[in-house]
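What follows is a single structure, written as structure tokens, with notes after it.
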Amino acid sequence: MIRPGLLLGIDDLDGLDAVVVDTRLALTGATGRERYDAGHLPGAAYLDVDDDLAAPPGAGGRHPLPLPSDFVAAVRRAGVSRGSRVVVYDDGPGTAAARLWWLLRDYGHEDVLVLDGGLAAWTAAGRPVSVDPVVPRPGDWDGSPGRLPVVEAEDLADVVRSGVLLDVRAAERFRGEREPIDPVAGHVPDAVNAPLTENTDEVGRFLTDAVLRRRFEALGVHHGAPVAAYCGSGVTATQTLLALRLAGFGDAALYAGSWSGWITDPSRPVATGP
């Protein structure tokens, strides 16, 4: 069932007039582009998280928000126009697709949906994939950022003082026991660990709205108090922002720099343990 501005199921895509975009991201092994070339939803364009949905790494972390001109050009290249309905997908749990979902909404394009379960759900349903190159007719889409809340490193103390800062990485990374990507292990002091894997079921589909609501309430989220989320680089945290929307908590803030941005300043404190 389509949840406007949020999700749609595999069957909902049948006959839907939409621009479909693959945003698969791979930290190891074959690249997202290579995975796309090996098989994608028929007619789907591809946008690369590193090249199209982020600026180069730096003080803003491993995946800073993209320059507006670069992002607009990429979205047009994918065939998106002002009136397009856009469907985005990744391998399954929405961890990369939600980045494009969030960016489009931040730029003022509300008609964007994440395919629930992504490619994994698509193939599990026996649907075909294609290896045919897709070269969309360029769209005329335009937009500018600023519709959704974003926090910076200096804002996080206020968030934890009066609300909840969610760290959506795996528990062992949050505790500082294991850090496979960034040079410093640990978390932002007073953040609450909320692993994003608990937003979806075993096949990568989002849990029901009611279950997600109970989960976030148990983590201290409630209406009227600020909520922000971060991950390693600002990409996968958007999946939790989508889950918060599904749960009825509206638009929580993204700490776009996330952990990789926080640790670029050695004067910032680092916490370890639970």
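The values are calculated or read from the model by the stated rules, or taken from the named source; none is laboratory data. All values derive from a computational prediction rather than experimental measurement. Here the Cβ positions follow ideal geometry from the backbone for every residue, glycine too, while neighbour counts run over all protein chains shown.
Overview of results
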read-out: Search result, residues across segment 180-218 that are buried (at least 18 other Cβ atoms within 10 Å of the Cβ) and part of a loop (DSSP other than H, G, I, E, B); value: Asp182, Ala185, Gly186, Val188, Ala191, Ala194, Gly204, Arg205
read-out: Any hit, segment 239-248, residues being β-branched (Val, Ile, Thr) and part of a loop (DSSP other than H, G, I, E, B); value: no
read-out: Index of the failed condition, Val203 passing every other in (1) under 13 Å from the mean Cα position of the chain (by Cα); (2) under 19 Å from Leu25 (Cα atoms); value: (1)
read-out: Some residue of segment 220-239 being over 30 Å from Gly58 (Cβ atoms), in contact (Cβ under 8 Å) with a residue 24 or more places away in the chain and buried (at least 18 other Cβ atoms within 10 Å of the Cβ); value: yes
read-out: The listed residue being polar (S, T, N, Q) and at positive phi, out of Ser267, Ser233, Ser258; value: Ser258
read-out: Any hit, segment 70-78, residues being at pLDDT 95 or above, farther than 20 Å from Thr236 by Cα and assigned to a loop (DSSP other than H, G, I, E, B); value: yes
read-out: Verdict on Val112 being β-branched (Val, Ile, Thr) and in contact with a helix residue (DSSP H, G or I) (Cβ under 9 Å, 6 or more places away or on another chain); value: yes
read-out: Filter result for Ala125 (over 19 Å from the mean Cα position of the chain (by Cα), surrounded by fewer than 22 Cβ atoms within 10 Å (Cβ to Cβ) and within 30 Å of Asp182 (Cβ to Cβ)); value: no
read-out: Wholly within segment 79-172, strands (runs of 3 or more DSSP E) carrying at least 3 residues that are closer than 30 Å to Pro189 by Cβ; value: 164-167
read-out: Considering residues of segment 67-90 that are of a type outside the set (Val, Ile, Thr) and surrounded by 22 or more Cβ atoms within 10 Å (Cβ to Cβ) only, the residue farthest from Gly9 (Cα to Cα); value: Phe71
read-out: Any pair with Cβ under 7 angstrom, 6 or more apart, that starts in segment 181-197 at a residue that is polar (S, T, N, Q) and ends at one that is modelled with pLDDT of 95 or more; value: Asn193/Asp167; Asn193/Ala171; Asn193/Phe174
read-out: Flag for Leu25 being under 20 Å from the mean Cα position of the chain (by Cα), closer than 29 Å to Glu152 by Cα and not assigned by TED's automatic domain parsing to the domain that holds Ser258; value: yes
read-out: Filter pass, Ser144 being modelled with pLDDT of 95 or more, over 20 Å from Thr23 (Cα atoms) and of a type in the set (S, T, N, Q); value: yes
